[in-house]
Amino acid sequence: MKAPHTPQKDGHRINRDIRVREVQLIDQDGQNRGVIGAPEALQMAEEAGLDLVEIVPNASPPVCKILDYGKFRFLEQKKAAEARKKQKIVEVKEIKLRPGIDDHDYDVKMRAMRRFFEEGDKVKVTLRFRGREMAHQDLGYRLLSRVKEETGAIAKVELEPSMEGRQMIMILAPR
């Protein structure tokens, strides 16, 4: 019979969980002590009243540091939360147009589009055809090429205009 598989603990290995012969040790003052035997490093950590934490497990030998593990975990969680807060989720906003759109309505839609680009969002321009308008798809292509020209300085075309059923779609992303 095989021995049961021991589950891998997530996070850093500390103190007696470090099962290697030698480690690259960095002491509590940040000084590099070089390659030292793991039991000796653990003893130094215990004398200082701190923990021996494996910082870089994939190195040869692994890099371990003497520090307060509770404080270390708290600071790591704080860094991760800060990184999550700074992340910007790119949303896809949709602007709906019609082939016979009036100039003022078109200008209002373009202002909204510029605002979306300034916020860092992508814009999906949907041009819906109804009834006999399907016979005049060239009007739709002209309208979308006009949109493309006017937003050329602030946006790039991610998906060229294409027909999907009764609507023409183009996706623009901020530069």
Might you check whether a residue that is in a helix (DSSP H, G or I) and more than 26 Å from the chain's Cα centre (by Cα) occurs anywhere in the stretch 114-128? no
Would you pick out the residues in the stretch 43-53 that are under 37 Å from the mean Cα position of the chain (by Cα) and not in a strand (DSSP E or B)? Ala45, Leu50
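Tally time: how many residues in the stretch 150-175 are part of a loop (DSSP other than H, G, I, E, B) and under 22 Å from the mean Cα position of the chain (by Cα)? Steps first, please.
The initial filter retains those residues of the stretch 150-175 that are part of a loop (DSSP other than H, G, I, E, B), namely 151-154, 165-166, 175.
If we keep only those that are under 22 Å from the mean Cα position of the chain (by Cα) too, we end up with 175.
The total comes to 1.
Name the one entry in Val90, Val108, Val53 that is of a type in the set (Val, Ile, Thr) and within 17 Å of Arg21 (Cα to Cα).
Within the list Val90, Val108, Val53, the selection yields Val53.
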Residues that are touching a residue at least 12 places away in the same chain (Cβ under 8 Å), in contact with a Gly (Cβ under 7 Å, 6 or more places away or on another chain) and over 30 Å from Val53 (Cβ atoms): does the stretch 112-130 have at least one? yes
Of the residues Val63, Val108, Val125, which is among the aliphatic types (A, V, I, L, M) and either open to solvent by 50 Å² or more (accessible area, probe 1.4 Å) or on the phi > 0 side of the Ramachandran plot (or both)? Val108
Does the stretch 66-94 hold any residues that are open to solvent by 100 Å² or more (accessible area, probe 1.4 Å), touching a residue at least 24 places away in the same chain (Cβ under 8 Å) and either over 22 Å from the mean Cα position of the chain (by Cα) or within 15 Å of Asn15 (Cβ to Cβ) (or both), and which are they? Arg73
Test Ile36 against the criterion of being of a type in the set (Val, Ile, Thr) and in contact with a helix residue (DSSP H, G or I) (Cβ under 9 Å, 6 or more places away or on another chain), and give yes or no. yes
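Would you mention how many residues in the stretch 44-60 are without any contact (Cβ under 8 Å) to a residue 40 or more places away in the chain and open to solvent by less than 100 Å² (accessible area, probe 1.4 Å)?
Adding up the residues that qualify gives 9.
Under the condition of being of a type in the set (A, V, I, L, M) and assigned to a loop (DSSP other than H, G, I, E, B), which residue from the stretch 82-113 is modelled with the highest pLDDT?
So, considering only residues that are of a type in the set (A, V, I, L, M) and assigned to a loop (DSSP other than H, G, I, E, B), the one modelled with the highest pLDDT is Ile101.
The values are calculated or read from the model by the stated rules, or taken from the named source; none is laboratory data. The model shown is predicted, which means the values in this text are computed figures rather than measured ones. Because the Cβ atoms are built from the backbone with ideal geometry, glycine has one as well, and the counts that use them run over all protein chains shown. These accessible areas exclude ligands, DNA and RNA; they are computed on the full protein's heavy atoms, side chains included. Shrake-Rupley method; radii C 1.70, N 1.55, O 1.52, S 1.80 Å.
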